[in-house]
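Contents: one structure, followed by commentary.
Read-outs: derived from the displayed coordinates by stated rules, not from any lab. From a predicted model like this one, the values you see are computed outputs, not experimental measurements. Positions of Cβ are backbone-derived with ideal geometry, glycine not excepted, and every protein chain shown enters the neighbour counts.
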Amino acid sequence: MAEPWRDRARRAVEWNWRLRSVGDPRPHYVICGKDALAYYVARALLESELPAGGARVTVVVPERYRSNGPDVAGLRGVRVVRSDRLDVSTFEAAGLAGATGLALLHQDDVGNLHAALCAQAVDQQVRQVLRMFNGTLADGVRKLIKAPVEVLSDAEMAAPAFVAAALGEVDPSSFQHRDKTLRVARRADVRPQDVVCALAHLSEAQGVELLPAEQAGADLVLAEATGQPPGTEVAARRLVRARRRRRPVTVLLGAVRGFATRKIGVAVMLVLAVIAVLGALISRTEGASPLEALYLTLVTTLSGADPDTTKPAGAQIMQVVLNLAGLALIPLITAVVVDGIVNARLALHTGRLQPARAGHVVLIGLGNVGTRVMAQLREYDVEVVAIDKDPAPRGGALARQLEVPVIVGDAALSETLVAASVADCQALVVASTDDVANLEAALAARDLHPGLRVVLRLFDGDFAERVEETFALGVSRSVSYLAAPAFIGALTERAVITTIPVDRHALPVAEVPVAAGSELDGRPLDVVNRDGQVRLIARTPAGGGRTIWWKDLDPRQVVFAGDRLTVVARRRGLDWLTRQCAPPAAGRVPMPHGHVDSTSRPEPVLPAAVPESLPPPTGPGIAASTSGAAHPVPAPLSPADGALPPTRDAGTRVDD
């Protein structure tokens, strides 16, 4: 079971920015990963303005790897450690001891678990965030790891965005916080009294405007879910649109066409044509009726005829040819039967022998994301046909359990898409892990169905935007971009409840605790809202009192230490709010509770500036980042201090 949000928020009051007695006081995060998720998490930590003056980031990547998107090792300002194994020596080389957080973001559940146990041997206090797909294994990890741990699934968080885009809905899923169930909806679909806040204003001229100041004119809103669950409404609409149009003649012709190979079929047709011509000649020469001629032809072809030397030469020649045709026809019939049985078994095994469908969703790729998308579509009772190159994909067992047909083959080939009835489907979701293969499959599907709604998974965000503009393929989604806010929140002890996808943006919904003496302690609620950045939707008073929702919030109310503020924000807005709610810096005098001063505010004490004339520090206690900036790190303890300096494994290399 996941940890309750209330407990997470309570622990977050203690704050996760731990100042070190020696070295750089900024929080240090270690990120192990090589894909786009690691890139977005590392970049967000580097760009965030934490109360301690920023963050130090160390990324651990394999010695040789090929990035399928943005390269995390290429970020300016990170320290890179190259190692093919995430073991104790690697974590010691990365400086994990005393670090603030560790993110294990490889797409390997068992490998991440092993790395977490090794990290626990280095530092049992460091907070760990693991990326896992297997929910059962995730529950076990929370019991095995003694250190503070959070287990998240990027596929589970991103799947609702793919489902919403495939069904042409805003977001069919909902989330629950405290005593309310909230969902994303179009303003025209909800009652005015159920609107919590405006999320976005969509226009062709200005694009997407997030958290607009004009609440009434927003197209997308966050609303309270009342009455029938949104998933039930979506399922009902999908059932009406997805009624099958049965075509028995087309199904029969397709079955006959797929019964034998093309070469055997051509041979059979040629032999039957010869028999038909000879039968017509027999009917004319012997003066027999059509039925009698058919009888004579079949008997002569299949069983042969007694020789008759008294027949004319022409009749004897036709009789011999018919016997030869019969000798050729019998093995061809046997070959057709055998080939048809073999093809039928192969078609059943690969899923190519499928009835004609209409109104369904074709899903390409049954990996982590594809499996989650398939499960959620089936929850809404939407018919799904899956395509995967692997005969035993990750989601194959769940597909059999949900009775979802799986076609094994290359989705870029037209015959594979025809077998899945792409021409009559309502949407195509391309969720494999190869950008090139995804684009090829989308273009091939558009050739069969020009007006098809395509939801395309692409890792590179810039590439995705250019594909949308150039090819007009529909909607592109980045799993890593959608899931990154939740991983960042878990790593920095921010209680991120969920992430709302809006076009190609992501809005985290988070609960931020107010620390004693912070900038917001004693300030009115009105200062929390910032147009385009932060929108306050609820406040939970200190001591676990009843949550005050948007309807009853008074902007003149005063924020006290221990309050928990629930907001919808952009990433920079959430960074700003986190700084405002953080404990005071050294030397700052806390404001008394209840004191509100709208005219003057004590300026935060900034760290002493380093004169520009001084050269950058160098030496054994300094580790330079890839951007050229030098960051002081604690010098290793000597044996006289009671500890030995960390050792590096031969397979670990540090890029300073």
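A few remarks follow.
- Summary of the geometry: the range 445-519 and the range 69-83, compared by the centres of their Cα atoms, lie 22 Å apart.
- Between LEU443 and ASN134, the simple spin-label model (points 7 angstrom out along Cα→Cβ) gives 3.9 nm.
- Separation in nanometres of the label points that stand 7 Å from Cα toward Cβ, at ALA423 and ALA392: 3.6 nm
- Prolate/oblate/rounded label for the range 362-463 (Cα gyration tensor, a/c 1.5): rounded
- Hypothetical label at ARG178: residues of the range 539-565 whose amide nitrogen lies under 13 Å (7 Å Cα-Cβ projection): 539-554, 563-565
- Compared with the alpha-carbon gap, the fully stretched path from ARG466 to GLU415 is longer by 15.5 nm at 0.36 nm per residue.
- Residue-count net charge about LYS389 - beta-carbon cut-off 13 Å; Lys, Arg +1, Asp, Glu -1: -4
- Semi-axes of the equivalent ellipsoid for the range 502-559, Cα gyration tensor, largest first, Å: 21, 14, 12
- Pairwise FRET efficiency - SER203 versus GLN557, Cβ, R0 = 41 Å, nearest 0.05: 0.75
- If the segment from GLU292 to ARG191 were pulled out straight at 0.36 nm per residue, it would be longer than the present Cα-Cα gap by 28.4 nm.
- The length gained on full extension between ALA356 and ALA516, counted as 0.36 nm times the residue separation minus their Cα-Cα distance, comes to 51.1 nm.
- Per residue, the convex hull spanned by the alpha carbons of the range 390-542 comes to 177 Å³.
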